[in-house]
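The values are calculated or read from the model by the stated rules, or taken from the named source; none is laboratory data. On a predicted model such as this, the values are computed, not experimentally measured, just so you know. Every residue, glycine as well, gets a Cβ built from its backbone with ideal geometry; the counts of neighbours run over all protein chains shown.
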Amino acid sequence: MASVALKSFTGLRQSSPENHHSSKSLFSNPLPSTQLHYRRLNVLAGKSSPKITGRNLRVAIIGGGPAGGAAAETLAKGGIETILIERKLDNAKPCGGAIPLCMVGEFDLPLDIIDRRVTKMKMISPSNVAVDIGRTLKPHEYIGMVRREVLDCYLRDRAAAAGATVINGLFVKMDKPTDKYAPYVIHYNEYDGKVGSVGKKVTAEVDAVIGADGANSRVAKSIDAGDYEYAIAFQERIKIPDDKMQYYENLAEMYVGDDVSPDFYGWVFPKCDHVAVGTGTVTHKPDIKKFQLATRLRARDKILGGKIIRVEAHPIPEHPRPRRLADRVALVGDAAGYVTKCSGEGIYFAAKSGRMCAEAIVEGSANGTRMVDEADLRNYLEKWDKTYWPTYKVLDILQKVFYRSNPAREAFVEMCADEYVQKMTFDSYLYKRVVPGNPLEDLKLAVNTIGSLVRANALRKEMAKI
Amino acid sequence: MTSSMAFISSTPTNLQSFSSSSKTHFPINPFIILKPQRLNLVSVKATENGSGAAIAVEEKKDSDEGGNGAPVADDVAELGVKFEDPKWVSGTWDLNQFQKGGATDWDAVIDAEVKRRKWLEDNPESSNNDFPVVFDTSIVPWWAWIKRFHLPEVERLNGRAAMVGFFMAYFVDSLTGIGLVDQMGNFFCKTLLFVAVAGVLLIRKNEDIETLKKLIDETTFYDKQWQATWQDEKKE
């Protein structure tokens, strides 16, 4: 028991090697030509790209959310000339706002940007069977609830401090290069701070573009990345009386049921001083208001006396776009579609993919001295798919099995009462690794799952007879 | 843990407190539970929050007194009757009330739970911390489930398998002259037997064929979506 605690504790303390960028070359200082060019994961035979003389590699990042901010910081630290274009610097994104524990360590987040540490969750089945999960969490483990405007701002400021140029502007379009190594020309409207102004048109030449502009990505459109299915997440921020807020001090709730959502879940997440009550759906988008009412009904006793202070909605991608990469343009974060199924988690994966893409560019360009090409960017895709595919697949299977129907959801909640399930769930969520676990326990779990599903479906068949 | 909760002797739960604040009173008696359809006409369902459409409102959420943005006056119609049953005690079924001839009548427990779930599906209720639901279907022993659900289905499937098997044995015998015992020694016959058994198990209704095909597609669909970006690379 103690060794397990130690392992996870050091995992938190130890900063991953990606955090430290040892080489910090100055912008105008080209490295000697004899420097070797190591690539860890070779997809194609490495083409030798030309050295750039007189300047460093220029990369534009469109979108300044977690993905853009993380990418900008990594690029800037790697010696690359970076511009980050964000259209609304104080944007309070509609978002669940939950970040896993590993993000705090991997991205060196200061603890004061975390408003709340959620250590308990309540899962509520269609027939209101309520199960508390979180018993297996260790004292230092939690799910962090953040305000997106605070987190995004922090990451951008850090990128700026590392040398990136943050521009308040709206990306309009991008001209593809005429030549193999010719630059991309990006067109954007730069805002000058005056309220209501359209901004002045600016163009910039860059060698590579990272599209981090979210679910409705314009960069994705300009590279014909294709569409994805998306869920609509609808959320109401409700200020509830203090005594009711006490209950949500460090607890989040998940409501499942056909009334709340046919293919997702309804939630009550605590924020800094209010709760966010919401739900989402992929297949029944026109009924989202009905689902929201049902969610509020299910949580009614706990949010009684609350006042709705904000209503918001946003799309959540369900799967990656058909093309995440084209020539020297790569998509990261929501723009690429890196949101998990089942839980709908996206912040960590956005930031991590931004960082990974930036790392691939830094490496492929030897810290900004050589041009990058598509093969270098594909390294990022390959590394990403290899590292996180198990996580995505497992969550997809969970969603397919347990969000199918009310009996499946009843079984889901029943299974959550099991301690082994809780431990595995939290381990994989907090640290983003799919650990095999104890085979005997896994077998017991499989048997119990099948048992729960069979029982719930049997009850459902009887229900149909009434 | 759940079984210990079930054995708590039933104390009169203050069911009346549920509707203490309601302006209209519905006669609360167990017979309502048995006919949920009839009650649907009486209970008010939550409806769309149209602009200004005043619905019979119970506990209204605070409307904008503070002028904080434009908070909507929340109408949550909730005049539906909550689920009540004398055997439903402290968020679970009181097994003491299901005794029949000295032992627990599990069939009745299953029936009661079915009714409760059906009721809640038609009339979703707010989940309340003071009255948590802790019922777990695993308190009903495995043999009760098998006796009630598995055995009739198994009887049907075995009957089908027997009919198919008898006919196939007769048919093969009439064609080839090989008797039943010798048929079993042949590899091809063994394969046919396997296919017949699998068919009887997997395909029980006409719709199952479509369902199986869809399932196979489903399991690989997500993988295909992830692999899509690599199709480009191969073309180059």
Return yes or no: is A:Glu410 closer than 26 Å to A:Thr283 by Cβ, within 11 Å of another protein chain (Cβ to nearest Cβ) and modelled with pLDDT of 90 or more? yes
In contact (Cβ under 8 Å) with a residue 60 or more places away in the chain, more than 7 Å from every other protein chain (Cβ to nearest Cβ) and of a type in the set (Phe, Trp, Tyr): is that true of A:Tyr388 in this structure? no
Filtered residues of segment B:184-198 (kept if within 16 Å of B:Arg160 (Cβ to Cβ) and either surrounded by 14 or more Cβ atoms within 10 Å (Cβ to Cβ) or among the charged types (D, E, K, R) (or both)): B:Leu192, B:Leu193, B:Ala196, B:Val197
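When the residues of segment A:350-384 are filtered to those that are among the small types (Gly, Ala, Ser) and in a helix (DSSP H, G or I), which remaining residue is nearest to the other protein chains (Cβ to nearest Cβ)?
Initially, segment A:350-384 is screened for residues among the small types (Gly, Ala, Ser), giving A:350-351, A:353-354, A:358, A:360, A:364-366, A:368, A:375.
Filter once more, so that each one left must be in a helix (DSSP H, G or I): A:350-351, A:353-354, A:358, A:360, A:364, A:375.
Working: A:Ala350: 17, A:Ala351: 20, A:Ser353: 13, A:Gly354: 17, A:Ala358: 18, A:Ala360: 14, A:Gly364: 15, A:Ala375: 9 Å.
Across segment A:350-384, the extreme among qualifying residues is A:Ala375.
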Would you mind telling me which numbered condition in (1) assigned to a helix (DSSP H, G or I); (2) of a type in the set (S, T, N, Q); (3) within 14 Å of another protein chain (Cβ to nearest Cβ) B:Gln183 fails? (3)
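For segment B:106-126, give me each residue that is at the interface with chain A (Cβ under 8 Å from one of its Cβ atoms) and either crowded, with 17+ Cβ neighbours inside 10 Å or in contact with a helix residue (DSSP H, G or I) (Cβ under 6 Å, 6 or more places away or on another chain) (or both). Lay out the reasoning, then the answer.
The first filter runs over segment B:106-126 and keeps only residues at the interface with chain A (Cβ under 8 Å from one of its Cβ atoms), leaving B:110-111, B:113-118, B:120-121, B:124-126.
Result: B:Ile110, B:Glu113, B:Val114, B:Lys115, B:Arg116, B:Arg117, B:Lys118, B:Leu120, B:Glu121, B:Pro124, B:Glu125, B:Ser126.
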Picked from segment B:127-165 (must be aromatic (Phe, Trp, Tyr) and under 17 Å from B:Asp94 (Cβ atoms)), the residue nearest to the other protein chains (Cβ to nearest Cβ) is B:Phe135
Could you list all residues from segment B:197-236 that are of a type in the set (D, E, K, R), more than 9 Å from chain A (Cβ to nearest Cβ) and assigned to a helix (DSSP H, G or I)? B:Glu207, B:Asp208, B:Glu210, B:Lys213, B:Lys214, B:Asp217, B:Lys224, B:Lys234, B:Lys235
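Can you name the residue in segment A:98-127 that is within 14 Å of chain B (Cβ to nearest Cβ) and in a loop (DSSP other than H, G, I, E, B) and is also surrounded by the fewest Cβ atoms within 10 Å (Cβ to Cβ) among such residues?
A:Pro126
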Return the pairs, sorted by first residue and then second, in which the second residue is assigned to a loop (DSSP other than H, G, I, E, B), the first residue lies in segment A:327-339 and is under 19 Å from A:Gly97 (Cβ atoms), the beta carbons are less than 6 Å apart, and the residues are 6+ apart or on different chains. A:Gly333/A:Ala212; A:Asp334/A:Gly214; A:Asp334/A:Ala215; A:Asp334/A:Gly346; A:Val339/A:Gly346
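For segment B:127-149, how many residues are of a type in the set (Ser, Thr, Tyr) and either crowded, with 18+ Cβ neighbours inside 10 Å or modelled with pLDDT of 90 or more (or both)?
Residues that pass the stated criteria total 2.
Which members of segment A:306-334 meet the condition of being more than 13 Å from chain B (Cβ to nearest Cβ) and within 21 Å of A:Leu151 (Cα to Cα)?
Step one: filter segment A:306-334 for residues more than 13 Å from chain B (Cβ to nearest Cβ), giving A:313-316, A:328, A:333-334.
Result: A:Ala313, A:His314, A:Pro315, A:Ile316, A:Gly333, A:Asp334.
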